[in-house]
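Read through the structure below, which is laid out as C-alpha cells, and then see the notes.
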Amino acid sequence: MIAALALIAPAAASAAYVNPFTGATAIVGRTDMGVDLCLNPGDPIRAIGNGTVVGIQHNWYAGQPYLWYVLSDGPYAGDYVYVAEQIDHLARVGQALRAGDVIARYARRGSCIETGWSVADGETEAAATTGYTEGQATTAGVSFAHFLMSLGVTGQFELTTPKPQATRVKAKRRHRKSPVRTRAPRPVTRTAPNPSATAAPVPEPSPTPKPSPKPKPSPKPKPKPVPAPRPPSPTTVVRTGSGTTVTVPSGSGGYPQPNFGPTGNEPYWPH
C-alpha cells in the first residue's frame, strides 16, 4: 500500500478527499513517522474523507492526545489516518465522519501536530512496519507527505528516507545429529566440606616475650663466729727462795713447774 501511494495522481486522490487544513495556516515541518505541522491556536483540523473515528489515546506524547479514524470511501478506503499531539476539542469515538468535518482544533500549547498513516489498533504504520528512530524519516511518513501534497498542502516536505545499511548474514553450517549415547549414572558421593581446606589460615598471634628474670642478689657472706676469749687461767704468785716472784698456774701446789732445757731432759727452774 505504501509503495502505491506515491504513484497515484493528485487528481484521483482529490476526487474523494479534501485538504485537512482548509481554513487554516499550516507550516510544514519535518517528516518522521508522519508529517509535523504547526498551525494557529483554534485552527480546524478536518477529516480527509468519509469514515469513522476508531479510537483516542489521551496521553500519547507529553500528555497530548492521539486520534485515529478509518477512511470508508475513495482509493484509500480501509486505510487509517491519525492526528496527534497539540489538539483539543476532539471528535467522539465511533462518530461518523464526512469529508471536511472538523475532527479537532489546534490547541494553544503543545509540540505542534503530527499526522500520518496508522493501523487498526492505533499504532503508527511506521512503527508497525519498518520501525522508527527518533527524528528519522520513514517510508510511511514520506508516503503521507506525498498524499498531503496531492490534496493541495504546500510547504517544504522532506521526501527522502535514509538508505538502509546492508547487513551480512552468516551462512548456517549444516551438521548431522550424532547418535545419543546413554551412560549409567555415576553414584554421587558427597563429603562434608573441610573447613580447614577452604577457610583461609588464621595467623597465630606472636607470643608475648617473657620478661627477663631479675638477677638474684648474691648472698651476703655470713660473718665468721668470733671465738669468745678464754678466761685467763687462775694464777698464783709464788716467791722463790732467791727472792724472785714467780707466777704459777693454780693447781700446781704453789710451786713452779720445771722447764726442760735444750736437751729436753735437764730440768731447770726459773729464777
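Each reported figure results from applying straightforward, stated rules to the coordinates on display, with no laboratory input. Nothing here was measured: the structure is a model prediction, and the numbers come from that model. Positions of Cβ are backbone-derived with ideal geometry, glycine not excepted, and every protein chain shown enters the neighbour counts.
Quick rundown of the values:
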item	result
Two-site FRET efficiency, residue 121 against residue 146, from Cβ-Cβ distance with R₀ of 22 Å, rounded to 0.05	0.35
DSSP-loop GluC sites (Glu not before Pro) across the stretch 66-134, with at most 12 other Cβ within 10 angstrom	134
Net lengthening on full extension, residue 27/residue 109 (0.36 nm per residue, minus Cα-Cα)	27.9 nm
Computed FRET value (nearest 0.05) for residue 92 with residue 160, which takes r as the C-beta separation and R₀ as 41 Å	0.60
Low-density loop positions, trypsin sites (Lys or Arg not before Pro), the stretch 24-96 - DSSP coil, at most 13 other Cβ in 10 Å	92
